[in-house]
Amino acid sequence: MRTFWITRPRQSGLKTQAKLERLGYGALVDPVIDIEEKPITAIDKPYQGIILTSQNAVFALKDLQSPTPIFTVGDETASEVIGQFPMHPVQSAGGTSDDLIKLIQKTGDPKGLPFLYLRGVDIHRTLKADLDTMGYKLDEAIVYEAQEQSIHPDNFQ
(Lines give C-alpha, C1' and ligand atoms only; values in the text may rest on other atoms or scores of the structure.)
Protein backbone atom coordinates (compact mmCIF):
# COMPACT_ATOMS: atom_id res chain seq x y z
CA MET A 1 0.00 0.00 0.00
CA ARG A 2 1.22 3.48 -0.85
CA THR A 3 1.59 5.73 2.20
CA PHE A 4 1.50 9.52 2.21
CA TRP A 5 3.34 11.76 4.65
CA ILE A 6 1.07 14.61 5.73
CA THR A 7 2.95 17.60 7.11
CA ARG A 8 -0.01 19.95 7.56
CA PRO A 9 -1.03 21.12 11.06
CA ARG A 10 -2.59 18.27 13.04
CA GLN A 11 -6.28 19.24 12.69
CA SER A 12 -6.22 19.66 8.91
CA GLY A 13 -3.76 16.76 8.61
CA LEU A 14 -6.23 14.42 10.28
CA LYS A 15 -8.93 15.47 7.79
CA THR A 16 -6.57 14.77 4.89
CA GLN A 17 -5.59 11.44 6.45
CA ALA A 18 -9.23 10.36 6.68
CA LYS A 19 -9.83 11.27 3.01
CA LEU A 20 -6.75 9.32 1.88
CA GLU A 21 -7.67 6.29 3.97
CA ARG A 22 -11.19 6.28 2.46
CA LEU A 23 -9.46 6.08 -0.93
CA GLY A 24 -7.42 3.08 0.21
CA TYR A 25 -4.10 4.77 0.95
CA GLY A 26 -2.03 4.83 4.10
CA ALA A 27 -1.32 8.21 5.66
CA LEU A 28 1.08 9.35 8.34
CA VAL A 29 0.33 12.66 10.06
CA ASP A 30 3.55 14.34 11.21
CA PRO A 31 3.05 18.13 11.25
CA VAL A 32 5.98 20.40 10.49
CA ILE A 33 4.01 23.32 11.95
CA ASP A 34 1.47 23.67 14.71
CA ILE A 35 -1.09 26.44 14.89
CA GLU A 36 -1.16 28.40 18.15
CA GLU A 37 -4.37 30.33 18.66
CA LYS A 38 -3.80 33.81 20.03
CA PRO A 39 -6.16 35.38 22.57
CA ILE A 40 -8.42 37.93 20.95
CA THR A 41 -10.61 40.66 22.29
CA ALA A 42 -14.32 40.52 21.59
CA ILE A 43 -15.37 41.75 18.18
CA ASP A 44 -17.72 44.44 19.44
CA LYS A 45 -17.15 47.15 16.84
CA PRO A 46 -19.38 47.13 13.75
CA TYR A 47 -17.67 46.04 10.54
CA GLN A 48 -18.68 46.02 6.92
CA GLY A 49 -17.23 42.54 6.68
CA ILE A 50 -14.66 40.17 8.12
CA ILE A 51 -11.85 38.86 5.92
CA LEU A 52 -10.29 35.40 6.33
CA THR A 53 -7.45 34.09 4.21
CA SER A 54 -6.94 30.89 6.21
CA GLN A 55 -8.99 28.19 7.90
CA ASN A 56 -6.71 28.73 10.90
CA ALA A 57 -8.56 31.97 11.71
CA VAL A 58 -12.10 30.54 11.69
CA PHE A 59 -12.06 29.84 15.46
CA ALA A 60 -11.81 33.60 16.08
CA LEU A 61 -15.42 34.05 14.91
CA LYS A 62 -16.80 32.15 17.93
CA ASP A 63 -17.74 35.27 19.91
CA LEU A 64 -19.08 37.25 16.97
CA GLN A 65 -22.62 38.25 17.87
CA SER A 66 -23.84 40.00 14.74
CA PRO A 67 -24.28 38.32 11.36
CA THR A 68 -21.41 40.27 9.84
CA PRO A 69 -20.60 39.11 6.29
CA ILE A 70 -17.51 36.92 6.04
CA PHE A 71 -15.25 37.12 2.99
CA THR A 72 -12.85 34.23 2.38
CA VAL A 73 -10.09 33.78 -0.14
CA GLY A 74 -11.08 30.18 -0.87
CA ASP A 75 -13.93 27.71 -0.86
CA GLU A 76 -12.48 25.44 1.84
CA THR A 77 -12.28 28.30 4.32
CA ALA A 78 -15.83 29.32 3.38
CA SER A 79 -17.03 25.74 3.97
CA GLU A 80 -15.33 25.69 7.36
CA VAL A 81 -17.06 28.94 8.35
CA ILE A 82 -20.45 27.67 7.15
CA GLY A 83 -19.95 24.40 9.02
CA GLN A 84 -19.19 26.11 12.31
CA PHE A 85 -21.19 29.33 12.00
CA PRO A 86 -24.14 28.74 9.67
CA MET A 87 -25.86 32.02 10.62
CA HIS A 88 -23.13 34.20 9.09
CA PRO A 89 -23.37 35.17 5.44
CA VAL A 90 -20.23 33.92 3.67
CA GLN A 91 -18.78 34.79 0.27
CA SER A 92 -15.77 33.00 -1.15
CA ALA A 93 -13.48 34.63 -3.69
CA GLY A 94 -12.77 31.09 -4.87
CA GLY A 95 -9.11 31.61 -5.59
CA THR A 96 -6.31 34.01 -4.76
CA SER A 97 -5.84 37.17 -2.75
CA ASP A 98 -6.29 39.09 -6.03
CA ASP A 99 -9.72 37.45 -6.37
CA LEU A 100 -10.51 38.37 -2.77
CA ILE A 101 -9.64 42.02 -3.41
CA LYS A 102 -11.88 42.01 -6.50
CA LEU A 103 -14.73 40.53 -4.42
CA ILE A 104 -14.32 43.26 -1.80
CA GLN A 105 -14.28 45.93 -4.52
CA LYS A 106 -17.42 44.45 -6.05
CA THR A 107 -19.42 44.14 -2.82
CA GLY A 108 -17.84 46.60 -0.40
CA ASP A 109 -18.14 50.33 0.06
CA PRO A 110 -14.87 52.26 0.47
CA LYS A 111 -16.81 55.00 2.27
CA GLY A 112 -18.56 52.53 4.59
CA LEU A 113 -17.53 50.86 7.82
CA PRO A 114 -14.07 49.29 8.01
CA PHE A 115 -13.37 45.63 7.34
CA LEU A 116 -11.70 43.37 9.90
CA TYR A 117 -8.94 41.04 8.73
CA LEU A 118 -8.41 38.05 11.06
CA ARG A 119 -4.95 36.75 10.23
CA GLY A 120 -1.81 34.97 11.34
CA VAL A 121 1.47 36.51 12.44
CA ASP A 122 3.10 35.65 9.12
CA ILE A 123 1.34 36.71 5.93
CA HIS A 124 2.27 36.47 2.27
CA ARG A 125 0.54 39.64 1.17
CA THR A 126 -0.34 42.86 2.93
CA LEU A 127 -4.04 43.20 2.18
CA LYS A 128 -4.12 46.30 4.35
CA ALA A 129 -1.76 48.20 2.05
CA ASP A 130 -3.66 47.06 -1.06
CA LEU A 131 -7.08 48.00 0.33
CA ASP A 132 -5.83 51.27 1.84
CA THR A 133 -4.73 52.44 -1.62
CA MET A 134 -8.27 51.72 -2.85
CA GLY A 135 -9.82 53.82 -0.09
CA TYR A 136 -11.01 50.97 2.17
CA LYS A 137 -10.45 51.01 5.91
CA LEU A 138 -9.09 47.76 7.34
CA ASP A 139 -8.46 46.75 10.94
CA GLU A 140 -6.27 43.72 11.52
CA ALA A 141 -6.26 41.23 14.38
CA ILE A 142 -3.55 38.59 14.70
CA VAL A 143 -5.39 35.48 15.86
CA TYR A 144 -2.90 32.65 15.27
CA GLU A 145 0.75 31.86 14.78
CA ALA A 146 2.39 28.94 12.99
CA GLN A 147 4.98 27.28 15.23
CA GLU A 148 7.68 25.10 13.66
CA GLN A 149 7.64 21.48 14.84
CA SER A 150 10.34 18.82 14.75
CA ILE A 151 9.93 15.96 12.32
CA HIS A 152 9.81 12.61 14.08
CA PRO A 153 12.28 10.29 12.27
CA ASP A 154 10.96 7.26 14.20
CA ASN A 155 7.76 7.55 12.17
CA PHE A 156 9.65 6.56 9.01
CA GLN A 157 11.22 3.28 10.08
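The values are calculated or read from the model by the stated rules, or taken from the named source; none is laboratory data. Fair warning: this is a prediction, and the values are worked out from it, not measured in the lab. Note: accessible area is taken over every heavy atom of the protein model, side chains too, but ligands, DNA and RNA are not part of it. Shrake-Rupley method; radii C 1.70, N 1.55, O 1.52, S 1.80 Å.
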Whole number in Å², please: accessible area per residue of the chain, 1.4 Å probe, ligands, DNA and RNA not counted. 60 Å²
Which percent of the accessible area of the chain is formed by carbon and sulfur heavy atoms (probe 1.4 angstrom)? 51 percent
With N set to the number of residues, divide the alpha-carbon radius of gyration of the chain by 2.2 N^0.38 Å and report two decimals. 1.17
Ignoring ligands and nucleic acids, Val90 exposes an accessible area, probe 1.4 Å, in Å² to the nearest 10, of 40 Å²
Yeah, region 114-155 with a ≥ b ≥ c from its alpha-carbon gyration tensor (a/c under 1.5 is rounded, else prolate when a/b outruns b/c, oblate otherwise) is prolate
Mind jotting down the distance between the C-alpha centroids of region 1-48 and region 91-157, whole Å? 18 Å
Extended-chain gain in nm, criterion 0.36 nm per residue less alpha-carbon gap, Ala42 and Ala18: 5.2 nm
With 0.36 nm assigned to each residue of separation and the Cα-Cα distance removed, His124 to Asp75 gains 15.8 nm
